[in-house]
Amino acid sequence: MHPSLKGKKALIVGVANERSLAWAIAQQLHQGGAELAFTYQGETLERRVRPLAESVKSTFVEPMNVQDDSNMDSVMSKFRDRFGTMDILVHAVAFANREDLDGRFVDTSRAGFLLSMDISAYSLVALAKRAEPLMEAGGSILTLSYYGAHKVMPNYNVMGVSKAALEATVRYLANDLGPKKIRVNAVSAGPIKTLAAAGIRNFRDILAKSEERTPMKENIDQDDVGALGAFLCSPLSKHITGSTMYVDSGAHIMA
């Protein structure tokens, strides 16, 4: 049973393909009755995202570069013109240079560090600021994190630091936006085969070790993330904000 999201309007930022966690959340929102809008980064991703959007009856598919303020302003203006208001914002954007994920964290370049922080953490601030005036009756902002924000994970390096900043950003945004009944939360998912995960060296080994050490002795899948995401975007979680919620078969409780 899906939480009722009938009449809700959602902007999904960060779908890359059918295996994306953002897409899993989008599907659950659609099944709950929400009306969806999508953004994409570059022509290659447009060819993947547009058919997915069409499959959930979405006709709003716009290019967005989260490092371009004028581009974000334009997309939000188009969203307002089309939908009037916004109820849900899903932020699923993260990036680090491949060379900054290998080797030692101490060797991260200044440019690589700033790039990862800008795209992976500050973009949530930038999007929340633009979503705030559209969420006239309150709303839900959701982002995606990972346990590497709290513990050192092999080959995660600068992305782990960026995710730690992202989770702190969630808390500060929740405080700022709470008086307007806008909630801000993060989902911290266990390892899943996605396009983003493909950039992490030895990811297959991480999957195998994760399954072995979880209390439930199994990894999660995209549907698990989609279900939790839909819950956090729905009225069922109306008093949950500033939180990072885990869906990882209990991996985060283990020493």
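The values are calculated or read from the model by the stated rules, or taken from the named source; none is laboratory data. These figures come from a predicted structure and were not determined experimentally. Cβ: placed from backbone, ideal geometry, glycine included. Neighbour counts: every protein chain shown. Protein only, heavy atoms only, side chains kept; ligands, DNA and RNA dropped before computing areas. Shrake-Rupley method; radii C 1.70, N 1.55, O 1.52, S 1.80 Å.
The table below gives the values:
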{"read-out": "Whole-number D in µm² s⁻¹ for the chain, Kirkwood Cα-pair radius fed into Stokes-Einstein, 25 °C, 0.890 mPa s", "value": "134 µm²/s"}
{"read-out": "Test item: Cα-centred dipole of segment 11-74, Lys/Arg +1 and Asp/Glu -1 on Cβ, debye", "value": "360 debye"}
{"read-out": "Sites Lys57 and Tyr172 - FRET efficiency at Förster radius 45 Å, r taken between beta-carbons, to 0.05", "value": "0.80"}
{"read-out": "Extension gain, Glu99 back to Ala137 (0.36 nm per residue minus Cα-Cα distance, nm)", "value": "9.3 nm"}
{"read-out": "Mean ellipticity per residue at 222 nm, deg cm²/dmol - from DSSP H runs of n ≥ 4 across the chain, formula -39500 (n - 2.57)", "value": "-12500 deg cm²/dmol"}
{"read-out": "Contour minus Cα-Cα distance for Lys129 and Asp223 (0.36 nm per residue)", "value": "30.9 nm"}
{"read-out": "Computed label-point distance, nm, for sites Arg80 and Ala164 using a 7 Å Cα→Cβ extension", "value": "3.8 nm"}
{"read-out": "Share of pairwise Cα separations in segment 78-117, more than 13 Å, in percent", "value": "64 percent"}
{"read-out": "Proximal lysines relative to Lys6, as straight alpha-carbon distance under 29 Å, when same-chain residues fewer than 8 apart are discounted", "value": "Lys57, Lys78, Lys129, Lys180, Lys181, Lys238"}
{"read-out": "Surface per residue (accessible, 1.4 Å probe) for segment 10-111, Å²", "value": "48 Å²"}
{"read-out": "Amide proton proximity set for Thr143, modelled H, under 5 Å, gap of 5+", "value": "His91, Asn185, Ala186, Val187"}
{"read-out": "Cα-projected label distance for Val106 with Arg48, points at 7 Å along beta-carbon direction, nm", "value": "3.6 nm"}
{"read-out": "Phi to ³J(HN,Hα) by Karplus 6.51 cos²θ - 1.76 cosθ + 1.60 over segment 173-189, Hz, x for Gly, Pro", "value": "5, 4, 5, 5, 9, x, x, 9, 6, 9, 9, 9, 9, 10, 9, 9, 9"}
{"read-out": "From the C-alpha gyration tensor of segment 33-143, square roots of 5λ in Å", "value": "28, 17, 12"}
{"read-out": "Partner lysines for Lys151 [C-alpha distance under 28 Å; skip if fewer than 8 residues away on the same chain]", "value": "Lys163, Lys193, Lys209, Lys217"}
{"read-out": "Highest average packing first - 150-163, 75-88, 132-145, Cβ atoms within 10 Å", "value": "132-145, 150-163, 75-88"}
{"read-out": "Cα-centre dipole for segment 37-116 with unit charges at Cβ (Lys and Arg positive, Asp and Glu negative), debye to 20", "value": "260 debye"}
